[in-house]
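Please read the structure below before turning to the comments.
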Amino acid sequence: MQIDILSEAEVALLRQLIDGAENIIICCHKSPDGDALGSSLGWAEYLRQIGKEPRVIVPDSFPDFLRWLPHVEKIVRYDKHPEEVQGYFEQADLVFCLDFNAYSRVDDMQTTLENCQAPKVMIDHHLAPSMDTALMVSHPDISSTSELIFRIVSQLGGFDEYSRLGASCIYCGMMTDTGGFTYNSNYPEIYYIIGQLLTKRINKDKIYRNVYNNYSSWAIRFRGYIMSQKLNVFNDCNASYFAMSREDMKDFHFVKGDAEGLVNEPLRIKGQKLVIALREDSEKDNLVLVSLRSVDDFPCNEMAARFFNGGGHLNASGGKLHCSLEEAESVVKEAVKAYADRLRS
């Protein structure tokens with residue numbers, strides 16, 4: 001089965017960059033999800049295996065349900081330690097940019113990353129990469145950046161010695177970026193990879209529970225409230241949306257991660273093709289975060305780019321609107337109307 005993802009020239013360049021580096025940074029996008037952290041920590045595990053001491057840096061906080069990941073305590077947050085992180089980037093001689101394709105995706109850390117003089121390697125699976133790098137590993141057809149990390153580690157000959165901890169990180173990233181292998185995972189190689197990860201004695205059932213069965217009682221109440229009181233269904237268009245206000249989140253003691261995966265729930269409705277979730281930013285006024293999910297060939301990435309200043313994958317995309325929550329709901333209705341024919345077909 002074909003697992004290799006790099007050309008011979010890319011393998012040689014990657015080895016050369018790693019061998020010549022002493023101060024390696026691994027960074028990922030703002031609001032890191034399971035794939036961003038899983039790929040970053042999984043890659044760090046491989047680099048430690050070959051004698052390097054990489055530093056994993058993230059722009060800001062991540063959900064509590066990912067705090068079980070191995071070596072997560074070693075991660076440095078830019079929003080908490082900007083001067084310290086600035087120093088790390090100034091000393092770096094190699095930077096790995098994982099699970100993002102544009103400098104803007106690291107938000108407030110953008111200037112620090114762009115000004116870093118070290119060679120950069122991008123490993124990502126999002127469309128239209130726009131970064132200036134020494135090596136770009138971009139494969140939008142692959143399920144996740146974590147899957148890319150598995151393929152690269154294997155191609156470099158490192159999987160035989162790879163640890164159970166690293167394999168757990170990779171599995172977590174693959175699982176979360178495919179909704180538990182329910183989308184963007186319909187090709188045989190991904191299940192071969194899962195089989196290989198299982199040879200490291202990972203506990204995939206426990207990983208699932210750590211991620212998906214790790215909510216507070218308030219989070220469960222919040223999710224039930226949103227689905228029962230805030231879900232709007234366009235029965236004639238096979239679409240729906242819901243909006244989470246700052247007040248809603250305050251009432252239910254919302255913490256980061258409490259709405260994780262909630263955008264997928266309305267896809268359980270028979271015939272549903274598209275779901276849009278709106279969430280008012282907890283700190284910035286007139287900023288609404290948008291998540292889109294679809295099934296089959298409906299292009300929510302196209303809709304995200306056209307209406308929500310965003311993009312992403314065919315069936316999983318995101319964006320943001322600089323307006324009130326009520327105005328954002330009007331944009332949603334306009335977007336659904338514009339795509340009504342395709343949603344009905």
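The values are calculated or read from the model by the stated rules, or taken from the named source; none is laboratory data. Predicted, not measured: the structure shown is a model, and the values here were computed from it. All Cβ positions, glycine included, derive from the backbone under ideal geometry; neighbour counts span all protein chains shown. Calculation scope for accessible area: heavy atoms of the full protein, side chains included, ligands and nucleic acids excluded. Shrake-Rupley method; radii C 1.70, N 1.55, O 1.52, S 1.80 Å.
General remarks:
- Within the option set V106, V137, V85, being touching a Leu at 6+ places or on another chain (Cβ under 7 Å), surrounded by 22 or more Cβ atoms within 10 Å (Cβ to Cβ) and over 14 Å from H29 (Cα atoms) holds for one residue only, V137.
- Filtered by the rule that a residue be part of a helix (DSSP H, G or I) and either in contact with an Asp or Glu (Cβ under 7 Å, 6 or more places away or on another chain) or open to solvent by 30 Å² or more (accessible area, probe 1.4 Å) (or both), the stretch 109-132 gives Q110, T111, E114, N115.
- The test for being within 23 Å of the chain's Cα centre (by Cα), farther than 26 Å from S291 by Cβ and either outside any helix (DSSP H, G or I) or free of Cβ contacts under 8 Å to residues at least 60 places away in the same chain (or both) holds for L197.
- Output for the stretch 267-288, where each listed residue is in contact with a Lys or Arg (Cβ under 8 Å, 6 or more places away or on another chain) and open to solvent by 50 Å² or more (accessible area, probe 1.4 Å): S282
- Residue that is nearest to S168 (Cα to Cα) [pool: residues in the stretch 209-226 that are assigned to a helix (DSSP H, G or I) and open to solvent by 80 Å² or more (accessible area, probe 1.4 Å)]: R209
- Count - residues of the stretch 204-224 that are in contact (Cβ under 8 Å) with a residue 12 or more places away in the chain and under 21 Å from S144 (Cβ atoms): 7
- Residue pairs meeting the criteria (Cβ under 9 Å; at least 6 apart or on separate chains; first free of Cβ contacts under 8 Å to residues at least 60 places away in the same chain and closer than 17 Å to V255 by Cβ, in the stretch 275-289; second among the acidic types (D, E) and open to solvent by 60 Å² or more (accessible area, probe 1.4 Å)): E280/E247
- Residues of the stretch 289-323 classified as open to solvent by less than 40 Å² (accessible area, probe 1.4 Å) and within 20 Å of A340 (Cβ to Cβ), total: 14
- Single match in G42, G20, G34, G38 (criterion: exposed (fewer than 13 other Cβ atoms within 10 Å of the Cβ) and not aliphatic (A, V, I, L, M)): G20
- Just one of the numbered conditions (1) open to solvent by less than 10 Å² (accessible area, probe 1.4 Å); (2) without any contact (Cβ under 8 Å) to a residue 24 or more places away in the chain; (3) polar (S, T, N, Q) is not true of S240: (2).
- Considering (1) open to solvent by 10 Å² or more (accessible area, probe 1.4 Å); (2) farther than 16 Å from L37 by Cα; (3) out of contact with any helix residue (DSSP H, G or I) (no Cβ under 6 Å at 6 or more places or on another chain); (4) not in a helix (DSSP H, G or I), the lone condition that S154 does not fulfil carries the number (4).
- Qualifying residue in the stretch 169-192 (condition: of a type in the set (F, W, Y) and open to solvent by 60 Å² or more (accessible area, probe 1.4 Å)): yes
- Scanning the stretch 243-266 for residues that are open to solvent by less than 20 Å² (accessible area, probe 1.4 Å), closer than 16 Å to Y183 by Cβ and not β-branched (V, I, T) turns up L262, P266.
- In the stretch 1-17, residue least open to solvent (accessible area, probe 1.4 Å) [restricted to those that are farther than 14 Å from V153 by Cβ and not charged (D, E, K, R)]: L17
- Hits in the stretch 288-327 (condition: in a loop (DSSP other than H, G, I, E, B), of a type in the set (A, V, I, L, M) and within 16 Å of S104 (Cα to Cα)): none
- Any hit, the stretch 61-70, residues being surrounded by 16 or more Cβ atoms within 10 Å (Cβ to Cβ), free of Cβ contacts under 8 Å to residues at least 60 places away in the same chain and either among the β-branched types (V, I, T) or assigned to a loop (DSSP other than H, G, I, E, B) (or both): no
- Single unsatisfied condition, N235 versus (1) polar (S, T, N, Q); (2) more than 18 Å from Y339 (Cα to Cα); (3) surrounded by fewer than 17 Cβ atoms within 10 Å (Cβ to Cβ): (2)
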